[in-house]
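Structure, as structure tokens:
The values are calculated or read from the model by the stated rules, or taken from the named source; none is laboratory data. It should be emphasised that the depicted structure is a prediction, and the values quoted were computed from it without experimental measurement. Cβ: placed from backbone, ideal geometry, glycine included. Neighbour counts: every protein chain shown.
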Amino acid sequence: MTTLERERESESKGDAASSHESEVIVAKDRSEHAALGAELLARAITEAVDQRGIARVALSGGTTPSETYQRLAALKLPFDKVEWYWVDERGVPPDHERSNYRAAAHDLGLDGGQHGKAFRMEGERDLSEAATAYEKRLRGAFGVAGAVSFDAMTLGVGDDGHTASLFPGIGAVSIDDRLVAHIAEQPEKKLEARVTLTAPVILEARLLLVLVRGASKRAVVEKARAAGPEDEVPSRLTQRAKGRVIWLLDREAAGQ
Ligand code: 6PG
């Protein structure tokens, strides 16, 4: 039995707290969290390549997914058939230490081009133009009329309940007329400018893998999985997802 099967078995015995139809997996420690994350992404990639000949994966930034991405890169996968996209980006160039592209490209070893093709959001240009350009790129990849359905997407959750760059209290989670949005800087709310995929794209993903670790996230995970206004806790939008949603937590984030 693999680690993942063992975790699932323990979940079905009631070890995990599921309040709606998403799945919850609780990893026993940081290393298992990363291993399970990589295993879930690897399965989604393999299935997509087997079924459709290509896997398109959208990556979140933040600190949590780093080890998952590193473990994923170490697996034997059909990387030549994988396209990597980004869930969100900060207004910085791709070599900046705060660049989500830079972090994931480093962890996944994308620099040499052997681990798949990377399509980054251009944080170095005017961010509203960058959002329009990325929307065009997505339309080019997925087709003009079709749904933009990523085979897998990683998401994180901020202490304030945000996911992607859909921050609370600014209506960002309700944007539904674009695939990609520019979130303007709001110094009074301490929000920096960002580019982000919007709810219509997030909700279409075949797999949403929500990666959360640490005791400081326990309260927000509970809120995100409970009913309530999405603008207060934008990560609640995962409750409307059309595909599979897996919350991959460590024991601290799960309150165990
Ligand atoms: C980013 C994100 C963001 C992140 C959360 C959680 O650019 O920072 O994509 O949505 O996933 O803030 O971040 P941590 O993993 O660092 O807790």
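Structure above, values below:
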{"quantity": "Test result for Glu67, within 14 Å of the ligand (Cβ to nearest atom) and of a type in the set (D, E, K, R)", "calculated": "yes"}
{"quantity": "Glu185 vs. criteria more than 14 Å from the ligand (Cβ to nearest atom), surrounded by fewer than 22 Cβ atoms within 10 Å (Cβ to Cβ) and more than 17 Å from the chain's Cα centre (by Cα)", "calculated": "yes"}
{"quantity": "Test: residue in the stretch 5-23 that is modelled with pLDDT of 95 or more and more than 29 Å from Arg90 (Cα to Cα)", "calculated": "yes"}
{"quantity": "Neighbours by Cβ (under 9 Å, 6+ apart or cross-chain): first from the stretch 156-170, surrounded by fewer than 24 Cβ atoms within 10 Å (Cβ to Cβ); second of a type in the set (Phe, Trp, Tyr)", "calculated": "Gly158/Phe167; Asp160/Phe167"}
{"quantity": "Check on Val92, within 16 Å of the ligand (Cβ to nearest atom) and of a type outside the set (D, E, K, R)", "calculated": "yes"}
{"quantity": "Tally, over the stretch 97-155, of residues that are under 17 Å from Ile202 (Cβ atoms), hydroxyl-bearing (Ser, Thr, Tyr) and within 16 Å of the ligand (Cβ to nearest atom)", "calculated": "2"}
{"quantity": "Qualifying residue in the stretch 207-217 (condition: more than 27 Å from Gly255 (Cα to Cα) and more than 14 Å from the ligand (Cβ to nearest atom))", "calculated": "no"}
{"quantity": "Close pairs from the stretch 203-219: first at positive phi, partner modelled with pLDDT of 95 or more and not hydroxyl-bearing (Ser, Thr, Tyr), Cβ under 6 Å, at least 6 apart", "calculated": "Gly214/Glu252; Gly214/Ala253"}
{"quantity": "Selection from the stretch 176-197 of residues that are farther than 23 Å from Glu124 by Cβ and either at pLDDT 95 or above or of a type in the set (Ser, Thr, Tyr) (or both)", "calculated": "Asp176, Asp177"}
{"quantity": "Glu129 being over 30 Å from Asp29 (Cα atoms) and touching a strand residue (DSSP E or B) at 6+ places or on another chain (Cβ under 8 Å)", "calculated": "no"}
